[in-house]
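Heads up, the thing below is written out as structure tokens.
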Amino acid sequence: MLVGILLFTVLSGAVRKWITNNGGINNIITLMQILVVYLLVFIKGRSTLSNKNIAGIFFIYVSYLVIAAFNPLSPSIYHTISGLIIHLSFWLGLFVYIANRDFIKFDRFYYLILVLIILEAILAIIQYQMPRESAINQYVIEQEFDEESALKIAMVGNAVRVTGTFSYIAGFSAFVLFVQLFSFSLFYREDKNKHFAIIGVALSLILAFLTGSRSTTIINIFLTISFFVFQLRNYNYKQLISILGGLFLIISINLSIGDPLHTIDFVSNSYENLDTRFEDNRDEGQGRILTPINTLINNEFPNKIIGNGLGISYPAIVAVKGTSKVAETFWVQDDEIGRTLLEGGYILLILKLLLIITALKLLQMDKRFMTIAFSLIFIYMPLTTNIYNIVFFLMGIIYLEQAILSSKNTEISLK
């Protein structure tokens with residue numbers, strides 16, 4: 001079931017990107033994407049509310065969402081229903097998993113997931129090196145692949161911002177997060193080659209470069225540092241050095257024969273393009289970092305306590321049914337803090353923070369590492385209103401914790 005959710009999330013974007021622009025079909029796909037996480041409730045096992053560590057706060061959270069659904073400021077029943085569903089989905093999926101982690105068998109799909117990552121990476125690299133007017137970088141929404149439609153493709157430096165099989169950049173960025181968490185899990189798999197773990201971590205950083213997304217790159221770098229400092233603190237340094245030495249030898253041989261695949265030039269160019277975007281948009285980037293914190297402290301939204309209606313900032317429903325005057329008047333950045341405050345007020349934000357605290361207590365991972373992970377996601381990514389973030393962050397957490405639980409030794413071997 002888990003791998004089915006993962007595959008559907010990856011491939012559904014390709015349908016909207018390259019196959020059809022039919023509004024009815026796209027709406028059905030969007031609805032299925034919203035509901036796909038709810039398939040986890042059909043895991044044969046224990047009810048989420050039967051876990052006394054989860055039941056209390058989760059019941060309060062769900063109760064408040066139901067109350068917030070009757071907010072008279074909500075522009076329509078469609079916004080209300082979709083808002084309730086998306087605000088619940090990640091937390092329902094996470095706590096259903098925690099209550100039933102003994103029934104999860106994710107590891108048997110290791111090779112399928114590995115192939116999926118490799119194919120997405122190859123596609124991303126091809127997209128990055130092709131001009132933006134090429135068919136592989138176009139969308140089916142454009143009737144003709146002409147110069148005018150090409151100009152709508154986002155660029156970073158002299159290259160396109162890749163999206164893989166996804167219909168927009170944020171979808172591929174969320175997938176990069178999964179690649180990173182999946183790679184972290186390989187350090188704990190005694191039956192897997194630990195070289196893949198190092199290569200996977202490096203690959204996730206390169207893919208972050210290719211998105212041209214500053215937030216994706218920042219999350220990737222800080223997550224990797226915190227993982228090695230906090231989560232993976234008992235590994236064998238000698239074996240890690242030998243692995244890195246082997247990779248350095250391969251790079252050296254590649255350079256000595258003239259870098260026939262141009263890998264060094266490719267990585268260097270992708271970094272330079274991203275660095276150019278950082279420099280050209282320095283003020284905007286600083287604003288993106290500070291805006292969520294400023295919103296939290298200096299909340300200018302009306303109805304600060306209870307919010308202005310669930311779903312009013314969810315792009316999928318806004319595109320179909322419009323939004324409220326409040327949402328039109330008060331611009332909100334693509335981050336979890338701002339959107340939560342706009343829709344559900346401080347009450348909803350506090351409840352989400354309590355859910356995070358509960359999850360930190362129950363997940364068998366280093367609390368400092370996961371605190372940094374949740375903090376980065378809340379500041380830089382809209383966890384609620386982006387179904388890709390919901391699915392890939394959730395699947396990454398599940399896969400990493402499953403790997404940690406399967407590890408028999410406290411000291412992790414990197415052989």
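The values are calculated or read from the model by the stated rules, or taken from the named source; none is laboratory data. All values derive from a computational prediction rather than experimental measurement. Note: ideal-geometry Cβ built from the backbone for every residue, glycine included; neighbour counts use all protein chains shown.
Considered as a group, the residues in the range 136-178 that are modelled with pLDDT of 80 or more, of a type outside the set (Ser, Thr, Tyr) and part of a loop (DSSP other than H, G, I, E, B) include one that is farthest from Thr224 (Cα to Cα), and that residue is Phe166. Find the residue count for the range 307-354, including only residues that are closer than 26 Å to Ile54 by Cα, outside any helix (DSSP H, G or I) and under 24 Å from the mean Cα position of the chain (by Cα). Number of matching residues: 3.
Looking at the structure I just gave you, is Ser183 in contact (Cβ under 8 Å) with a residue 12 or more places away in the chain, under 20 Å from Ile390 (Cβ atoms) and in a helix (DSSP H, G or I)? Walk me through how you get there before you give the answer.
Numbers: in contact (Cβ under 8 Å) with a residue 12 or more places away in the chain: yes; under 20 Å from Ile390 (Cβ atoms): no; in a helix (DSSP H, G or I): yes.
Spelling it out, it is not the case that Ser183 is in contact (Cβ under 8 Å) with a residue 12 or more places away in the chain, under 20 Å from Ile390 (Cβ atoms) and in a helix (DSSP H, G or I).
Scanning the range 326-338 finds no residues that are within 25 Å of Leu31 (Cβ to Cβ) and polar (S, T, N, Q). With respect to (1) modelled with pLDDT of 85 or more; (2) assigned to a helix (DSSP H, G or I); (3) farther than 30 Å from Leu341 by Cα, the lone exception for Tyr110 is condition (1).
What are the residues in the range 363-386 that are surrounded by 17 or more Cβ atoms within 10 Å (Cβ to Cβ) and in a helix (DSSP H, G or I), if any? Spell out the reasoning first.
First, the residues of the range 363-386 that are surrounded by 17 or more Cβ atoms within 10 Å (Cβ to Cβ): 363, 365-366, 369-370, 372-374, 376-386.
Scanning the range 363-386 gives Phe369, Met370, Ile372, Ala373, Phe374, Leu376, Ile377, Phe378, Ile379, Tyr380.
If the condition is being buried (at least 20 other Cβ atoms within 10 Å of the Cβ) and not in a helix (DSSP H, G or I), then the range 68-89 contributes Asn71, Ser74, Pro75.
The set of residues in the range 298-336 that are surrounded by 23 or more Cβ atoms within 10 Å (Cβ to Cβ), hydrophobic (A, V, I, L, M, F, W, C) and modelled with pLDDT of 80 or more comprises Leu310, Ile312, Ile317. Only one of the listed residues (Leu92, Leu116, Leu65) is part of a helix (DSSP H, G or I), out of contact with any Lys or Arg (no Cβ under 9 Å at 6 or more places or on another chain) and either within 20 Å of Ile337 (Cβ to Cβ) or among the basic types (Lys, Arg) (or both). That residue is Leu65. Of all residues in the range 342-360, those being under 17 Å from Phe90 (Cβ atoms) and touching a helix residue (DSSP H, G or I) at 6+ places or on another chain (Cβ under 8 Å) number 12.
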